[in-house]
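The values are calculated or read from the model by the stated rules, or taken from the named source; none is laboratory data. These figures come from a predicted structure and were not determined experimentally. Using ideal geometry, Cβ is built from the backbone for each residue, glycine included, and neighbour counts are taken over all protein chains shown. Only protein heavy atoms, including side chains, enter the accessible area calculation; ligands, DNA and RNA are left aside. Shrake-Rupley method; radii C 1.70, N 1.55, O 1.52, S 1.80 Å.
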Amino acid sequence: MTSPPNNIPPRLFDRALLRVRQHRAARLGPAAFLLDRVAEDLAERQHAVLREFSNGVDVGTPGDQVHAALGERVGRLRAVALPVSDAEPLALEPGSVDLAVSALALQAVNDLPGAMAQIRRALKPDGLFLAAMIGGETLTELRQSFAAAESEIEGGVSPRVAPFADLRDIGALLQRAGFALPVTDVDRIVVRYDNAFALMQDLRRMGATNILVERRRTPSRRATFVRMAQVYAERFSDPDGRIRATFDIVWLSGWAPHQSQQKPLKPGSAKMSLAEAVNKARDPKT
């Protein structure tokens, strides 16, 4: 098997399968508590900017919560789907919008740098990009429990939980895409469940089950799932017997460059050295 060219991102996620899983979640009755929380937080963050936006896009959010939260605050907010094929561009015209938002969608994009660059190009000067994506240590408990159970029962480990970008990676991608004043932070949410199977049912209702291209294609043994639930309860339960599940929401924001924005000082342009500044702060006469 030959390696793909350097300019083609690795295909980690089966995005066609993601769409199937999201449709299944809608039929089951979606578990929307994470998306509800993110939409509310996104509206608060956008409102804190203290400026009006006349033309915005919601990129890939799997639901209408963001539109409901921002609808009255943005002159026009239209939904733009993330394409199934990595070769398809986003349906965004360069310099066409002053606000781009996205909630819990970008973590399943194969070419995240490319998607960010397209969003950056779609923004007018001084336009805002504000998004939230799953990242960090999300579902670390489930990942560890499955690894332990598979290793013990089946003698090997298969990829079950997607790799998630951390805060430092996201910040670097914002800069790489050309955003000015990039900011990232993490909101850690710990949800408690009666058992691991209740957690997995919620993941199905989120459309968030395994879509890795390298996922295992044959059914796992029932004994593996039983052992996974046992390990989960042994390692990650509270005194009342309920288990914990971590969800890290990585928030990211950046601006399309504009001459009015604050700019960092050029290297060597400081009028006082760091040592001089420290000595001055310690001197009681100053």
Exercise for the section: Determine, from the Cβ-Cβ distance of S260 and R78 and an R0 of 22 Å, the FRET efficiency 1/(1 + (r/R0)^6), rounded to the nearest 0.05. Expected result: 0.25
Problem - Globularity ratio of the chain, using Cα Rg and 2.2 N^0.38 Å - result: 1.17
Completion exercise
Per GNM of the chain with C-alpha springs under 10 angstrom, the most fluctuating residue out of P163, P219, P113 is P219
Handout entry: Kirkwood-type radius of the stretch 56-130, with distances r between different C-alpha atoms, in Å
Key = 12.5
Practice task
Can you check how the C-alpha radius of gyration of the stretch 153-223 compares to 2.2 N^0.38 Å, as a plain ratio?
Solution key: 1.54
Fill in the blank from the handout: For the stretch 198-246, listing trypsin sites (Lys or Arg not before Pro) in a DSSP loop whose Cβ sees at most 11 other Cβ atoms within 10 Å gives R217
Practice task
Could you pull the Cα extents of the stretch 14-139 along its three principal axes, largest to smallest, in whole Å?
Solution key: 38, 32, 28
Practice task
Calculate what fraction, in whole %, of the accessible area of the stretch 127-232 sits on carbon and sulfur atoms when a 1.4 Å probe is rolled over the protein chains.
Solution key: 51
Handout entry: Zone residues, the stretch 174-217, relative to D166, backbone N less than 16 Å from point 7 Å out along Cα-to-Cβ
Key = 184-188
Completion exercise
One would report the Cα pair-distance distribution of the stretch 33-100, bin width 10 Å, in %, as 20, 50, 27, 4
Fill in the blank from the handout: With the dipole of the stretch 7-92 defined by +1 on each Lys or Arg Cβ and -1 on each Asp or Glu Cβ, the option from L77, A87, S54 whose Cα lies farthest towards the positive pole is A87
Fill in the blank from the handout: Ignoring GluC sites (Glu not before Pro) buried by more than 16 other Cβ within 10 Å or outside DSSP loops, the longest site-free run in the chain is 215-286
Handout entry: Three semi-axes of the equivalent ellipsoid, the stretch 94-221, Cα gyration tensor, whole Å, largest first
Key = 34, 15, 13
Fill in the blank from the handout: With the 1.4 Å probe rolled over protein heavy atoms, the chain has an accessible area per residue in Å² of 56
Completion exercise
Helix 196-205 sits off the longest principal axis of the Cα atoms of the chain, rounded to the nearest 10 on a 0 to 90 degree scale, by 60
Practice task
Among L42, L212, L28, determine the one that fluctuates most according to a GNM of the chain built with springs between C-alpha atoms less than 10 Å apart.
Solution key: L28
Exercise for the section: Quick one: angle between helix 15-28 and the longest Cα principal axis of the chain, in degrees between 0 and 90, rounded to 10, please. Expected result: 70
Problem - log₁₀ of I(q)/I(0) at q = 0.13, 0.23, 0.30 Å⁻¹ - the stretch 207-258, Debye sum with one point per alpha carbon - result: -0.60, -1.07, -1.11
Problem - A32 paired with T218, simple spin-label distance in nm, labels 7 Å along Cα-to-beta-carbon - result: 4.1
Problem - Estimated [θ] at 222 nm from DSSP helical runs (n ≥ 4, -39500 (n - 2.57)) normalised by residues in the chain, nearest 500 - result: -11000 deg cm²/dmol
Exercise for the section: Run the dipole for the chain about the Cα centre, Lys and Arg Cβ at +1, Asp and Glu Cβ at -1, nothing else charged, and hand back the magnitude in debye, nearest 20. Expected result: 340
Exercise for the section: Kindly report, to the nearest 10 Å², the accessible surface of D98 as traced by a 1.4 Å probe over protein heavy atoms only. Expected result: 20
Practice task
For the chain, find the longest principal axis of its Cα atoms and tell me its angle to the long axis of helix 167-176, 0 to 90°, nearest 10.
Solution key: 50
